[in-house]
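Colleague: Structure in structure tokens, see below.
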Amino acid sequence: MNALFPEIKPFDEQSLTVSAIHTLSIAQYGNPNGIPVVILHGGPGGGRSPRLTQFFDPKHYRMVTFDQRGCGQSTPYGELRDNNAQALIDDIDTIRQFLGIDKWLVCGGSWGAQLGLRYGFRYAEHVVGFILRSPFLGRRQDLQWRFAPHGGAAQIFPDHYAEFSERLERSDTLDPVLAYCNAFQHGSEFEQLAAAQQWSIWKGRLSHLVPPKVAKERFGLGKKSLALARIESYFYKNKCFMPDNHIIDNIDKIKHLNCILIHGRYDMVCKLEGSQMLAQQWPSSQLQIVPGAGHSSSEIGVIDALIQGSNNMANWLSKRV
């Protein structure tokens with residue numbers, strides 16, 4: 001089994017102003033002359049982590065990470081104004097140009113995978129390939145799966161869903177995302193923090209094949225959970241700012257590019273069915289279903305698959321030069 005590469009410090013950190021409101025925090029790791037790869041964090045609103053770089057051999061890759069609008073070290077923190085999917089897509093290419101990169105590999109998990117796909121639809125000429133884990137397709141059925149009382153996640157984890165929905169009025173249970181979004185935008189500070197903790201704990205419990213016993217302590221982290229929940233619910237309220245079947249309908253724009261798809265068989269956050277559909281319509285993609293794994297990139301089988309995928313992609317790209 002492949003193990004994570006050692007954690008390293010960035011060789012470059014910069015800030016980049018991308019709008020009248022937003023400034024992004026960018027960090028680069030690894031080999032400045034290596035294969036460029038942009039690594040897109042999850043969320044929306046999750047923030048980057050040095051751990052995301054540990055799936056890539058630092059001798060072979062120039063790794064670019066950044067905090068998307070409103071999260072991590074980007075400013076202003078938790079801001080919803082001028083914060084939407086199209087802006088984030090354009091930010092990725094603004095960073096590419098800022099760093100003087102012609103083409104790069106695109107990597108992301110969950111929301112980051114969706115964002116990477118949509119970046120590819122718009123800027124395919126600057127992409128050499130994809131490594132995507134558990135892509136979140138953002139369809140109505142995907143949101144219902146995770147949040148609706150009749151969704152798959154609620155059926156598998158009814159006890160945890162009861163905690164997630166206990167603060168909702170009966171009328172709100174038909175659209176929990178909207179109810180939570182309203183709480184984050186209009187509730188008192190105490191109400192917002194309480195709602196954010198419930199939102200984050202629900203997602204955290206779903207992310208692992210075996211939910212952590214300390215989920216409440218690990219995922220219900222005050223300010224951090226509020227930014228994640230506030231931005232995430234806002235994007236989901238707006239259906240990720242795209243038509244319902246946008247990802248599948250546009251796959252022809254990038255089907256000439258190679259893609260490694262990795263998905264845990266028991267993923268409760270993002271349905272495996274979504275990756276299966278992508279693979280069926282993307283001839284140059286390879287889907288690896290990881291047995292005994294859920295959504296989290298910290299599970300042993302997913303770590304192994306991601307590192308094997310990044311090594312394989314590096315070998316393939318090196319042969320093209």
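The values are calculated or read from the model by the stated rules, or taken from the named source; none is laboratory data. All of these numbers come straight from a predicted model, not from anything done at the bench. Don't worry about glycine lacking a Cβ; one is built from the backbone with ideal geometry, like all the others, and counts go over all protein chains shown.
Listed here are the residues, each with its yes/no results for (1) touching a helix residue (DSSP H, G or I) at 6+ places or on another chain (Cβ under 8 Å); (2) modelled with pLDDT of 90 or more.
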position	(1), (2)
ILE131	yes, yes
GLN144	no, yes
PRO176	yes, yes
TYR180	yes, yes
HIS208	no, no
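Colleague: Could you tell me whether PRO58 is over 27 Å from LEU226 (Cβ atoms) and assigned by TED's automatic domain parsing to the domain that holds LEU306? Steps first, answer last, please.
Modeller: Values: over 27 Å from LEU226 (Cβ atoms): yes; assigned by TED's automatic domain parsing to the domain that holds LEU306: yes.
For PRO58, the condition - over 27 Å from LEU226 (Cβ atoms) and assigned by TED's automatic domain parsing to the domain that holds LEU306 - is met.
Colleague: Within the set of pairs 6 or more residues apart or between chains, which connect a residue that is in contact (Cβ under 8 Å) with a residue 24 or more places away in the chain inside segment 243-254 to a residue that is among the small types (Gly, Ala, Ser) and not in a loop (DSSP other than H, G, I, E, B) with Cβ atoms less than 6 Å apart?
Modeller: That search, which allows pairs on different chains as well, returns LYS253/ALA124; ILE254/GLY120; ILE254/ALA124.
Colleague: Quick check, is PRO158 over 22 Å from CYS240 (Cβ atoms) and either under 21 Å from the mean Cα position of the chain (by Cα) or not assigned by TED's automatic domain parsing to the domain that holds VAL302 (or both)?
Modeller: yes
Colleague: Hey, another quick one. I'd like to check which strands (runs of 3 or more DSSP E) are fully inside segment 11-53 and have at least 2 residues that are of a type in the set (Gly, Ala, Ser).
Modeller: 23-30
Colleague: Among the residues of segment 289-321, count how many are among the β-branched types (Val, Ile, Thr) and buried (at least 20 other Cβ atoms within 10 Å of the Cβ).
Modeller: Number satisfying all stated conditions: 3.
Colleague: In segment 94-124, what count of residues is obtained for those that are assigned to a helix (DSSP H, G or I) and closer than 16 Å to CYS259 by Cβ?
Modeller: Qualifying residue count for the region: 12.
Colleague: Report yes if some residue within segment 18-37 is within 30 Å of PRO291 (Cα to Cα) and among the polar types (S, T, N, Q); otherwise report no.
Modeller: Looking for residues that are within 30 Å of PRO291 (Cα to Cα) and among the polar types (S, T, N, Q), one finds none in segment 18-37, hence no.
Colleague: Please enumerate the residues belonging to segment 66-100 that are β-branched (Val, Ile, Thr) and without any contact (Cβ under 8 Å) to a residue 40 or more places away in the chain. Quick ask: steps written out before the conclusion?
Modeller: If we filter segment 66-100 for residues that are β-branched (Val, Ile, Thr), which is where we start, we get 75, 89, 92, 94-95.
ILE89 - this is the single residue of segment 66-100 that is β-branched (Val, Ile, Thr) and without any contact (Cβ under 8 Å) to a residue 40 or more places away in the chain.
Colleague: Residues that are touching a residue at least 24 places away in the same chain (Cβ under 8 Å), among the β-branched types (Val, Ile, Thr), in contact with a Lys or Arg (Cβ under 9 Å, 6 or more places away or on another chain) and buried (at least 23 other Cβ atoms within 10 Å of the Cβ): does segment 48-62 have at least one?
Modeller: So far as segment 48-62 goes, no, none of its residues is touching a residue at least 24 places away in the same chain (Cβ under 8 Å), among the β-branched types (Val, Ile, Thr), in contact with a Lys or Arg (Cβ under 9 Å, 6 or more places away or on another chain) and buried (at least 23 other Cβ atoms within 10 Å of the Cβ).
Colleague: A further question on this structure: Where residues in segment 63-78 are surrounded by fewer than 21 Cβ atoms within 10 Å (Cβ to Cβ) and of a type in the set (Ser, Thr, Tyr), which of them is farthest from SER233 (Cα to Cα)?
Modeller: THR75
Colleague: I want to confirm something. Restricting to segment 218-229 and keeping residues that are surrounded by 18 or more Cβ atoms within 10 Å (Cβ to Cβ) and in a helix (DSSP H, G or I), which single residue is modelled with the highest pLDDT?
Modeller: Applying the filter and picking the extreme gives ALA229.
Colleague: Tell me whether segment 164-176 contains one or more residues that are of a type in the set (Lys, Arg) and within 26 Å of ASN250 (Cα to Cα).
Modeller: Within segment 164-176 (the criterion being of a type in the set (Lys, Arg) and within 26 Å of ASN250 (Cα to Cα)), the answer is no, since none of the residues qualifies.
Colleague: From the list THR53, THR17, THR65, which residue is at pLDDT 95 or above, β-branched (Val, Ile, Thr) and farther than 24 Å from SER310 by Cβ?
Modeller: Result of the check over THR53, THR17, THR65: THR17.
Colleague: When the residues of segment 175-211 are narrowed to those that are among the aromatic types (Phe, Trp, Tyr) and more than 16 Å from ASP159 (Cβ to Cβ), which ends up surrounded by the most Cβ atoms within 10 Å (Cβ to Cβ)? Before you say what the answer is, go through the steps one by one.
Modeller: Restricting attention to segment 175-211, the residues satisfying the condition of being among the aromatic types (Phe, Trp, Tyr) are 180, 184, 190, 199, 202.
Now narrow it down to the ones that are more than 16 Å from ASP159 (Cβ to Cβ): 180, 184, 190, 199.
On the way: TYR180: 30, PHE184: 24, PHE190: 8, TRP199: 28.
So the residue we want is TYR180.
Colleague: Find the helices (runs of 4 or more DSSP H) located wholly in segment 230-321 whose residues include 1 or more that are among the β-branched types (Val, Ile, Thr) and at pLDDT 95 or above, and list them. Before the answer, list the steps.
Modeller: Values: elements: 246-249, 272-281, 300-320.
Here the list reads 246-249, 300-320.
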